[in-house]
């Protein structure tokens, strides 16, 4: 957990902490804000109940960090374990979201730092995530913090309909 008091420039006083089940409505609100930013406003199908069930049962599917400013959820970083056949245990950063009104105030860096520390604590050999090719501010931010943006790779997915289509074609 990180607590920062910083009056320099645009920084705000904030706390980075592990999410708890009662945070899930705020987490979902930020997921929806991200979907809107990424021009996919209708893509979010998940519910608060899904997040509560999947993140807080006996075998949680994800871990979530919260950036909090004055008791308000201002940002999130949601991660889960992954396995690389080249590297071994890895950590996937599914979403790092800072609410628009808090962007540029140090919360993204604080969340990313917490994710990297968490990965180190778990002993992972890699932390990975995707970024949209048009999101130049995010790309620049990640590269400034030592990340490699592998532009030659493409993300491949099968959504629910794609899964059904694939299986029915077998």
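Values quoted throughout were computed directly from the atomic coordinates according to the rules given, and no laboratory measurement underlies them. In this text, all values refer to a predicted model and were calculated from it rather than measured experimentally. Glycine also receives a Cβ, built like all others from the backbone with ideal geometry; neighbour counts cover every protein chain displayed.
The alpha carbon centroids of the stretch 26-57 and the stretch 64-101 are separated by 13 Å.
Counting beta carbons within 10 Å around each of 76, 139, 31 and listing the fewest first gives the order 139, 31, 76.
Taking other C-beta atoms within 10 Å as the exposure proxy, 163, 66 rank 163, 66 from fewest upward. Over the chain, Cα pairs under 8 Å with separation of 6+ residues give a relative contact order of 18 percent.
When the Cα atoms of the stretch 16-170 are aligned to their principal axes, the ranges along those axes come out at 54, 35, 34 Å in descending order.
If you rank 121, 105 by fewest surrounding Cβ atoms within 10 Å, what's the result?
Working: 121 8, 105 21.
Listing 121, 105 from fewest to most nearby Cβ atoms yields 121, 105.
Of the beta bridges in the chain, as assigned by DSSP with both residues counted there, near 90 percent are antiparallel. Springs between Cα atoms under 10 Å define the GNM used for the chain, and in it the highest mean-square fluctuation of 43, 90, 67 occurs at 43.
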